[in-house]
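S.K.: Got a structure for you, written out below as structure tokens; questions coming shortly.
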Amino acid sequence: MKYTVQKFIAAAVLLLSVSAVSAQSRNSTQPHTGNVTAMASSADAVFSVGQDSFIIRWSTDGEGERYQMSNLEIKDIAVHPDGNLLAIYETDGFSINRIRLFDWKAKTNKLTKRFPNPVTSLSFSDNGTYLMVGSNGVDGISFINTSTLKTVVKIREKPSMVTMAYTSATENSGVFYSQLGYLVYGNLKNQETKTELSVEANLDQPVLFNNNLMFAGFKDGYIWIYHAYSAKLLAKIRANKPQLVTLRSDTDLYYIEQEGKNYTLKMVDIEGVTVPSYSVIVRNFYTEERPSIVTATATRTHIYAGCDDGTIQTVSKDSDTVLTAATCISQNPYDKILDISENGNDFYILSEKSLIRTTFNGKENEPLMTNPGYTNILRIDEDTLLFWSRDQKKPVAQAKESEGWNLRTIYTPSLNLMNIHYENGAMVLVEGSSTVTLYSFETNSSKRLYTGTGVQDALLYDENTLYVAKSAASSPKSALIEVNVSTQETLALPVTAEVSFSLSSSTTGGTKSFYGISVFSTPAEKTEIFTYTPSTKKYSAIVTFPEEDTEAFVYYTNGRLYTNISQDKIRSITVSSRKQTAYNRYKALPEKLTVNDTHLLVLNKDGSLSWFSATSSTSYGTWYLTIEGEWVTFK
């Protein structure tokens with residue numbers, strides 16, 4: 001992948017810094033945002049996943065290649081013996097429990113499958129023929145053939161609540177740990193259960209080690225160690241919230257334990273093959289900048305720890321009595337972009353540090369002001385921007401270029417702000433999913449237009465008519481309602497969706513209408529882009545996607561409707577002809593877009609910008625903003 005640095009940097013130090021970042025092609029040292037939730041190792045790499053829904057492959061030289069498949073938190077990951085095929089478990093924490101089989105090199109999804117219960121373990125059989133999915137249901141283990149992608153029966157009497165699954169090297173037999181307190185051995189050729197051995201119930205982090213001779217797990221302040229074939233309890237070793245980091249081939253049991261602000265890598269010494277005698281300290285270490293370790297994995301030579309600040313840190317497994325710092329292999333060289341807005345021939349860019357103005361052709365930044373903690377901007381005219389913060393009660397502020405970009409508070413919300421629209425000299429604010437407020441710039445006053453529950457978005461159609469997109473579970477029982485601003489009377493529109501959101505108004509051929517997203521769960525799951533024309537009271541679907549997509553958006557401008565429905569690509573729909581143009585996504589999912597006469601600008605989930613032609617699907621590359629305020633481009 002080629003790269004360019006968009007602006008000459010005179011200072012040698014900055015030049016070296018930006019060049020080092022740029023030379024990393026698609027790879028970088030960016031950490032996760034939020035907790036690292038799970039890790040897994042292969043022969044030549046370590047994979048991490050997190051709350052931010054990214055998968056990162058960390059190579060032996062410490063660089064990370066990132067990719068995002070959905071907006072859901074990823075809770076677990078397993079790596080096929082070939083080191084390329086990945087299995088991930090993603091969930092919304094409620095109704096969606098979904099596993100994916102993903103080809104890392106090709107960046108293609110091979111299989112998506114939902115489970116009725118939370119997934120409790122992911123592992124591949126020894127030769128990679130099967131993906132084994134444990135769940136907390138009665139049928140606690142499922143086998144998916146990784147070639148045919150079909151679910152197959154490998155054991156008829158499935159153990160319940162499986163949190164560990166391994167096979168033999170031949171894949172003819174398997175062993176499973178049930179949280180009910182059993183080690184279950186099965187013959188995978190004839191699908192029969194061979195034996196069930198009673199062990200402690202509800203063990204966390206169950207593992208086999210010492211070439212499958214030993215079984216261990218953690219519970220109630222102790223690591224429990226059993227002989228795997230007899231279920232004889234060999235030892236209970238006191239430990240403080242340990243992270244077990246043992247490979248199946250390890251003779252001894254390794255674990256990380258926190259002691260104050262530091263950590264200790266310990267090893268349970270095994271005498272012969274049957275008697276654990278005691279734990280010994282392999283090394284003492286602390287994490288760089290002192291984040292807490294929340295998950296970990298091991299290679300033959302190193303321990304890799306995922307931390308609550310999203311970083312990945314590593315220590316050697318070699319014995320060392322001196323307190324040392326872990327090596328943090330993840331560093332963030334970029335200033336994350338939070339929001340964007342078009343401004344005629346150029347664009348406003350709000351980053352965590354500042355507001356800047358930029359153009360694609362000029363390839364230079366014009367710093368305008370420091371960002372005092374806002375997450376969103378809204379352009380209301382050629383001279384004025386509004387600053388606000390989603391999911392916060394931070395006051396809405398106004399800044400004008402003609403006044404030197406000095407911020408002036410114009411409205412203080414009573415609840416967290418969810419969305420803002422600007423129409424004809426007025427600002428419509430959605431507060432706390434329950435209140436719609438109108439702010440008049442002419443009178444500098446506000447009034448409440450609607451109060452209810454489950455509000456997602458609101459659009460002022462004309463001075464007397466408001467449309468509210470909401471959850472159908474709240475009264476009135478419709479996902480889209482019309483509100484008379486003067487009388488406060490509401491009219492439920494005949495929309496059978498569970499929820500509607502992302503409203504965008506338009507005028508086409510003199511007829512005023514608006515667009516939005518509706519999500520349906522019955523009679524079948526689907527998400528559709530709709531248009532509603534108040535003059536004819538006509539609701540109609542434009543695009544239908546056969547799954548629920550609560551992260552979809554629509555954006556209308558100049559006869560074109562843009563959407564990220566399905567999360568895979570940006571699509572442009574010419575309203576008059578319904579002709580669609582697809583724009584290939586970057587490694588991160590698209591979050592928002594804006595467009596002018598020449599360029600389509602997409603804000604990605606990782607805070608990068610992807611540039612496209614406004615009139616074709618031509619991609620011009622993806623930009624990252626460095627902490628020095630310069631652009632780095634990937635093509």
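The values are calculated or read from the model by the stated rules, or taken from the named source; none is laboratory data. In this text, all values refer to a predicted model and were calculated from it rather than measured experimentally. Because the Cβ atoms are built from the backbone with ideal geometry, glycine has one as well, and the counts that use them run over all protein chains shown. Accessible surface areas use protein heavy atoms only, side chains included; no ligands, DNA or RNA. Shrake-Rupley method; radii C 1.70, N 1.55, O 1.52, S 1.80 Å.
S.K.: Among the strands (runs of 3 or more DSSP E) confined wholly to the range 103-177, which include 1 or more residues that are modelled with pLDDT of 95 or more and touching a Gly at 6+ places or on another chain (Cβ under 9 Å)?
M.R.: In the range 103-177, the matching strands (runs of 3 or more DSSP E) lie at 119-124, 130-135, 141-145, 162-167.
S.K.: Further, regarding this structure: Looking at the range 282-301, I want the residues that are within 17 Å of Ser48 (Cβ to Cβ) and have a partner that is charged (D, E, K, R) and open to solvent by 40 Å² or more (accessible area, probe 1.4 Å) with Cβ atoms under 6 Å, at least 6 apart or on another chain. Which pairs are those?
M.R.: Cβ pairs passing all conditions: Pro291/Asp308; Pro291/Asp309; Ser292/Asp308; Val294/Asp308.
S.K.: Report, by residue number, each residue of the range 409-434 that is surrounded by fewer than 15 Cβ atoms within 10 Å (Cβ to Cβ) and more than 18 Å from Ser389 (Cα to Cα).
M.R.: Residues satisfying the conditions are Asn424, Gly425.
S.K.: Given (1) in contact with a Leu (Cβ under 8 Å, 6 or more places away or on another chain); (2) surrounded by fewer than 16 Cβ atoms within 10 Å (Cβ to Cβ); (3) over 30 Å from Asn444 (Cβ atoms); (4) not charged (D, E, K, R), where does Gln392 come up short, assuming only one miss?
M.R.: Evaluating Gln392 over (1) in contact with a Leu (Cβ under 8 Å, 6 or more places away or on another chain); (2) surrounded by fewer than 16 Cβ atoms within 10 Å (Cβ to Cβ); (3) over 30 Å from Asn444 (Cβ atoms); (4) not charged (D, E, K, R) leaves (3) as the failure.
S.K.: Now a separate question. Looking for something open to solvent by 30 Å² or more (accessible area, probe 1.4 Å) and closer than 16 Å to Ala469 by Cβ - is there at least one such residue anywhere in the range 589-605?
M.R.: Within the range 589-605, not a single residue is open to solvent by 30 Å² or more (accessible area, probe 1.4 Å) and closer than 16 Å to Ala469 by Cβ.
S.K.: Looking for whichever is within 20 Å of Leu378 (Cβ to Cβ) and out of contact with any Leu (no Cβ under 9 Å at 6 or more places or on another chain) here; the options are Asn584, Asn564, Asn596. Which one fits?
M.R.: So the residue among Asn584, Asn564, Asn596 that is within 20 Å of Leu378 (Cβ to Cβ) and out of contact with any Leu (no Cβ under 9 Å at 6 or more places or on another chain) is Asn596.
S.K.: Can you tell me which residue among Glu489, Glu482 is loosely packed, with under 13 Cβ neighbours inside 10 Å, farther than 25 Å from Ser566 by Cβ, acidic (Asp, Glu) and more than 31 Å from the chain's Cα centre (by Cα)?
M.R.: Of the residues listed, the single one that is loosely packed, with under 13 Cβ neighbours inside 10 Å, farther than 25 Å from Ser566 by Cβ, acidic (Asp, Glu) and more than 31 Å from the chain's Cα centre (by Cα) is Glu489.
S.K.: For the list (1) surrounded by fewer than 20 Cβ atoms within 10 Å (Cβ to Cβ); (2) over 29 Å from the mean Cα position of the chain (by Cα), I need the number of the one condition that Thr437 fails.
M.R.: (1)
S.K.: Please verify whether Thr574 is more than 19 Å from the chain's Cα centre (by Cα), modelled with pLDDT of 95 or more, surrounded by fewer than 21 Cβ atoms within 10 Å (Cβ to Cβ) and under 21 Å from Tyr515 (Cβ atoms), treating the condition exactly as stated.
M.R.: No.
S.K.: Would you kindly identify the strands (runs of 3 or more DSSP E) lying entirely within the range 512-563 that contain at least 1 residues that are of a type in the set (Asp, Glu)?
M.R.: So the answer is 526-533.
S.K.: Would you check if there is a residue in the range 293-308 being within 30 Å of Val602 (Cβ to Cβ), among the aliphatic types (A, V, I, L, M) and either open to solvent by less than 40 Å² (accessible area, probe 1.4 Å) or in a strand (DSSP E or B) (or both)?
M.R.: no
S.K.: Would the range 424-434 turn up any residue that is in contact with a Gly (Cβ under 8 Å, 6 or more places away or on another chain) and free of Cβ contacts under 8 Å to residues at least 60 places away in the same chain?
M.R.: yes
S.K.: Search the range 518-529 for residues being touching an Asp or Glu at 6+ places or on another chain (Cβ under 9 Å) and open to solvent by less than 50 Å² (accessible area, probe 1.4 Å), and hand back the single one that is nearest to Ile96 (Cα to Cα).
M.R.: Here the residue is Ser521.
S.K.: Taking the criterion of being of a type in the set (A, V, I, L, M, F, W, C), in a loop (DSSP other than H, G, I, E, B) and open to solvent by less than 20 Å² (accessible area, probe 1.4 Å), would at least one residue in the range 252-268 satisfy it?
M.R.: no
S.K.: May I pose another question? Please tell me if Lys110 is without any contact (Cβ under 8 Å) to a residue 40 or more places away in the chain, under 23 Å from Ala43 (Cβ atoms), open to solvent by 50 Å² or more (accessible area, probe 1.4 Å) and of a type in the set (Lys, Arg).
M.R.: It is true that Lys110 is without any contact (Cβ under 8 Å) to a residue 40 or more places away in the chain, under 23 Å from Ala43 (Cβ atoms), open to solvent by 50 Å² or more (accessible area, probe 1.4 Å) and of a type in the set (Lys, Arg).
S.K.: Here are some conditions: (1) hydroxyl-bearing (Ser, Thr, Tyr); (2) in contact with a Lys or Arg (Cβ under 6 Å, 6 or more places away or on another chain); (3) open to solvent by less than 20 Å² (accessible area, probe 1.4 Å); (4) within 16 Å of Lys587 (Cα to Cα). Tyr67 meets all but one. Which one does it not meet?
M.R.: Among (1) hydroxyl-bearing (Ser, Thr, Tyr); (2) in contact with a Lys or Arg (Cβ under 6 Å, 6 or more places away or on another chain); (3) open to solvent by less than 20 Å² (accessible area, probe 1.4 Å); (4) within 16 Å of Lys587 (Cα to Cα), Tyr67 violates only (3).
S.K.: Looking at the range 196-206, is at least one residue at pLDDT 95 or above, outside any loop (DSSP other than H, G, I, E, B), open to solvent by 30 Å² or more (accessible area, probe 1.4 Å) and within 23 Å of Lys317 (Cβ to Cβ)?
M.R.: yes
S.K.: Between a residue in the range 134-152 that is on the phi > 0 side of the Ramachandran plot and any residue that is open to solvent by 10 Å² or more (accessible area, probe 1.4 Å), which pairs come within a Cβ distance under 7 Å, given they are 6 or more apart or on different chains?
M.R.: Between residues of the range 134-152 that are on the phi > 0 side of the Ramachandran plot and residues that are open to solvent by 10 Å² or more (accessible area, probe 1.4 Å), the close pairs are Leu149/Lys110; Leu149/Leu111.
S.K.: Test of understanding: among Tyr515, Tyr539, Tyr532, which residue is touching a residue at least 60 places away in the same chain (Cβ under 8 Å), surrounded by 11 or more Cβ atoms within 10 Å (Cβ to Cβ), closer than 20 Å to Tyr556 by Cα and aromatic (Phe, Trp, Tyr)?
M.R.: Step by step, each of Tyr515, Tyr539, Tyr532 is checked, and only Tyr532 is touching a residue at least 60 places away in the same chain (Cβ under 8 Å), surrounded by 11 or more Cβ atoms within 10 Å (Cβ to Cβ), closer than 20 Å to Tyr556 by Cα and aromatic (Phe, Trp, Tyr).
S.K.: Could you list, in sequence order, the residues of the range 346-355 that are open to solvent by 10 Å² or more (accessible area, probe 1.4 Å) and either in a strand (DSSP E or B) or farther than 30 Å from Thr435 by Cβ (or both)?
M.R.: Across the range 346-355, the qualifying residues are Asp346, Lys353, Ser354.
S.K.: What strands (runs of 3 or more DSSP E) completely inside the range 363-479 contain at least 1 residues that are of a type in the set (Phe, Trp, Tyr) and either farther than 20 Å from Ile337 by Cα or touching a helix residue (DSSP H, G or I) at 6+ places or on another chain (Cβ under 6 Å) (or both)?
M.R.: Answer list for the range 363-479: 408-411, 417-423, 435-440, 445-451, 455-462, 465-470.
S.K.: Please state which of the following conditions Glu90 fails to meet, knowing it meets all the rest: (1) assigned to a strand (DSSP E or B); (2) of a type outside the set (A, V, I, L, M, F, W, C); (3) open to solvent by 10 Å² or more (accessible area, probe 1.4 Å).
M.R.: Failing condition for Glu90: (3).
S.K.: Looking only at residues in the range 269-279 that are farther than 17 Å from Tyr222 by Cβ and surrounded by fewer than 12 Cβ atoms within 10 Å (Cβ to Cβ), which one is modelled with the highest pLDDT?
M.R.: Step by step, filter the range 269-279, then rank; the result is Glu271.
S.K.: Being under 14 Å from Lys189 (Cα atoms), β-branched (Val, Ile, Thr) and open to solvent by less than 10 Å² (accessible area, probe 1.4 Å) is the filter here, so list the residues in the range 118-169 that pass it.
M.R.: Once the filter is applied, which keeps residues that are under 14 Å from Lys189 (Cα atoms), β-branched (Val, Ile, Thr) and open to solvent by less than 10 Å² (accessible area, probe 1.4 Å), the range 118-169 yields Ile155, Thr167.
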